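The values are calculated or read from the model by the stated rules, or taken from the named source; none is laboratory data. Note that the structure is a prediction, hence the values are computed from the model and not measured. Ideal geometry is used to build each Cβ from the backbone, glycine not excepted, and the neighbour counts take in all protein chains shown. These accessible areas exclude ligands, DNA and RNA; they are computed on the full protein's heavy atoms, side chains included. Shrake-Rupley method; radii C 1.70, N 1.55, O 1.52, S 1.80 Å.
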Amino acid sequence: MSSTIVVTGASSGFGALTSRALADAGHTVYAGMRGTTGHNTKAVAEAEEYAREHAVELRTVELDISDQQSVDTGIGEVMDRTGRIDVVIHNAGHMVLGPAESFTPYQLAQVYDTNVLSAQRVNRAVLPQMRARHDGLLVWVASSSTFGGSPPYLGPYFGAKAAMDHLAKTYAVELSRFGIDSSIVVPGSFTSGTNHFAHAMQPDDEETAKAYEEFYSGMMEQVGERLAALAPADADVGEVARTIVDVVDSPKGSRPSRITVDPADDGSETVTDLADRVRADFYERIGLADLLSTRVAP
């Protein structure tokens, strides 16, 4: 069945790939991005061309996830056009690259804003109509770094992704009795096919960053190169988008709470499998095990 879907951070990378894959699967997709009449006009044109060439329902919507008014306006526009939003893909994110000390507190706040607060803004705009209908799906694009290997010089990004992951788990149990599904999709370190490393935030405190060169010379380049070396030759960034399509197309109540897509296998799945068992046991002990599955109307 066709769904109306909003994808955040959809101008490039996972977001653009996922928007196209979902549209190809027959869904009506709104690719959210900021600057649709400014720096992202090319992304808008590419989405429109893709929709024409493939005869699919792929549209763009102005969605600056750092601004609640922009989020409310964008979500409201989709609601006015379609009458409902069935699925939100929380994909927006921003990577950083450099020694943690060299990022200012303001920069860390920016990273958390993009990776965590953005999802909260979108949820507050979209969840009321999902709760009213007792139906919907949130898909959170996380990172294997939260529980797997965590190389240096990416700390602020890892911290923000971990915060988002825990927020996603909380939302899952707090929405389950409303009949709203939640799934966390966990990509590994795909170093090609996205702009994560190319667009990574650099530290504002250049003097402190330079001080680290005495013992960590070339570390920023080494991180990217060594992560790339871990990936098998056939690693395909499009697998993340295809996994999200599978989650969306799965029956309500049967969707996985978490699914990992990590060709390099940094150990994340091993840890999360154990963590999920511990969590399920804890919920059983406190008599809230029903919260770990979505209520489906008979």
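Can you give the local net charge around Arg84? Use residues other than it whose beta-carbon is closer than 14 angstrom to its beta-carbon, Lys and Arg +1, Asp and Glu -1. Each step should come with its number before you reach the end.
Details: positive: Arg81, Arg131, Arg133; negative: Glu77, Asp80, Asp86, Asp135.
The answer is -1.
Going 7 Å from the Cα of Leu292 toward and past its Cβ, which residues in segment 238-260 have a backbone nitrogen under 20 Å from where you end up?
Within reach of a label on Leu292, which here means backbone N under 20 Å from a point 7 Å along Cα→Cβ, segment 238-260 contributes 252-260.
If I model a spin label as a point 7 Å beyond the Cα along the Cα-Cβ vector, how far apart are those points for His54 and Glu101 in nm?
About 4.7 nm, to one decimal.
Mind checking which helices in the chain clear 24 Å along their axis (Cα) and have mean Kyte-Doolittle hydropathy of 0.0 or more, DSSP H runs only?
Details: long enough: 155-175 (30 Å, 0.09); 268-285 (25 Å, -0.88).
Sorted by number, the helices that extend far enough and score high enough are 155-175.
So how far, in whole Å, is the C-alpha centre of segment 257-288 from the one of segment 98-115?
The two parts, judged by their Cα centres, are 28 Å apart.
Based on the Cβ-Cβ distance of Tyr216 and His39, what FRET efficiency does E = 1/(1 + (r/R0)^6) give at R0 = 51 Å, to the nearest 0.05? Could you put the intermediate results ahead of the total?
Details: r = 33 Å, r/R0 = 0.65.
Efficiency at R0 = 51 Å is approximately 0.95.
So for each of 42-52, 269-279 I average, over its residues, the number of other beta carbons within 10 Å; can you give me the resulting order with the highest mean first? Could you put the intermediate results ahead of the total?
Details: 42-52: 15.6, 269-279: 13.9.
Packing order, densest peptide first, comes out as 42-52, 269-279.
Of all accessible surface on segment 1-154 at a 1.4 Å probe, what whole percent is carbon and sulfur? Numbers along the way, then the final one.
Numbers: 3110 of 6250 Å².
On segment 1-154, the fraction of accessible area on carbon and sulfur atoms equals 50 percent.
Normalised by the number of residues in the chain, what is the relative contact order in percent for Cα pairs under 8 Å and 6+ residues apart?
Details: 525 pairs, mean separation 61.0, N = 298.
Reported as a whole number, the value is 20 percent.
Could you check the simple spin-label distance between Ser250 and Asp273, using points 7 Å along Cα→Cβ, in nm with one decimal?
About 1.6 nm separates the two model spin labels.
Determine by what factor the alpha-carbon radius of gyration of the chain differs from 2.2 N^0.38 Å, reporting the quotient. The partial results should precede the final answer.
Working: Rg = 19.2 Å, N = 298, 2.2 N^0.38 = 19.2 Å.
Relative to the 2.2 N^0.38 Å estimate, the chain comes out at 1.00.
So what is the accessible area of segment 224-298 per residue, in Å², with the probe set to 1.4 Å?
Details: 4690 Å² over 75 residues.
Each residue of segment 224-298 exposes 62 Å² on average to a 1.4 Å probe.
How much length, in nm to one decimal, is gained on full extension between Asp281 and Phe178, taken as 0.36 nm per residue of separation minus their Cα-Cα distance? Intermediate results must be reported in sequence, preceding the final value.
Details: separation 103, 0.36 × 103 = 37.08 nm, distance 2.26 nm.
Fully extending the segment from Asp281 to Phe178 adds 34.8 nm.
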